[in-house]
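The values are calculated or read from the model by the stated rules, or taken from the named source; none is laboratory data. Here the structure is a predicted model, which is why all the values come from computation and not from measurement. Heads up, the Cβs are rebuilt from the backbone with ideal geometry, glycines too, and the neighbour counts pull from every protein chain shown.
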Amino acid sequence: MTHTFTTADIGCYFDSARGIYIGEGIQEVAASLYGWNPDGGTIPCDHEDCKQPHEEIDHGTHYHEATNEAEDHLNGLTSDDVSFGSTESGDWGLWPLEEGTE
């Protein structure tokens, strides 16, 4: 059974205090709880902890892309009136869509 996120699930899932490590949380939740299966696994924030074969200079790009893919996967599990994303303050969670936006 696939989970669908609705307005009942709205809220902050990772607050801005996590900083750049929010992406790890997003990837982990998507992979471990909601069926996201990235090629080669999740990408940690720190290159030293990464099992993916790439140059250190490219690590940030890979981390950002993996985080976006995980968020996109989670957004594929939402009703039409909510969306996962970041706020201006840097918190990440499920938020209501404003009228007239998609």
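When residues of the range 28-61 are filtered for being farther than 17 Å from residue 5 by Cβ, among the polar types (S, T, N, Q) and in a helix (DSSP H, G or I), how many remain? Going through the range 28-61 one residue at a time, the tally reaches 1. If you check residue 19 against the conditions, is it surrounded by fewer than 12 Cβ atoms within 10 Å (Cβ to Cβ) and under 13 Å from residue 85 (Cα atoms)? Here the answer is no, as residue 19 does not meet what is asked. Among the criteria (1) exposed (fewer than 12 other Cβ atoms within 10 Å of the Cβ); (2) of a type outside the set (Phe, Trp, Tyr); (3) farther than 30 Å from residue 98 by Cα; (4) in contact with a Gly (Cβ under 9 Å, 6 or more places away or on another chain), the one residue 52 does not fulfil is (1). When the range 1-14 is limited to residues that are out of contact with any strand residue (DSSP E or B) (no Cβ under 8 Å at 6 or more places or on another chain) and part of a loop (DSSP other than H, G, I, E, B), the one that is nearest to residue 86 (Cα to Cα) turns out to be 3. Among (1) loosely packed, with under 10 Cβ neighbours inside 10 Å; (2) modelled with pLDDT of 95 or more, which single condition is residue 98 missing? For residue 98, the exception is condition (2).
Taking first residues from the range 11-25 that are on the phi > 0 side of the Ramachandran plot and partners that are part of a helix (DSSP H, G or I) and surrounded by 13 or more Cβ atoms within 10 Å (Cβ to Cβ), no Cβ contact under 8 Å between residues at least 6 apart in sequence or on separate chains turns up.
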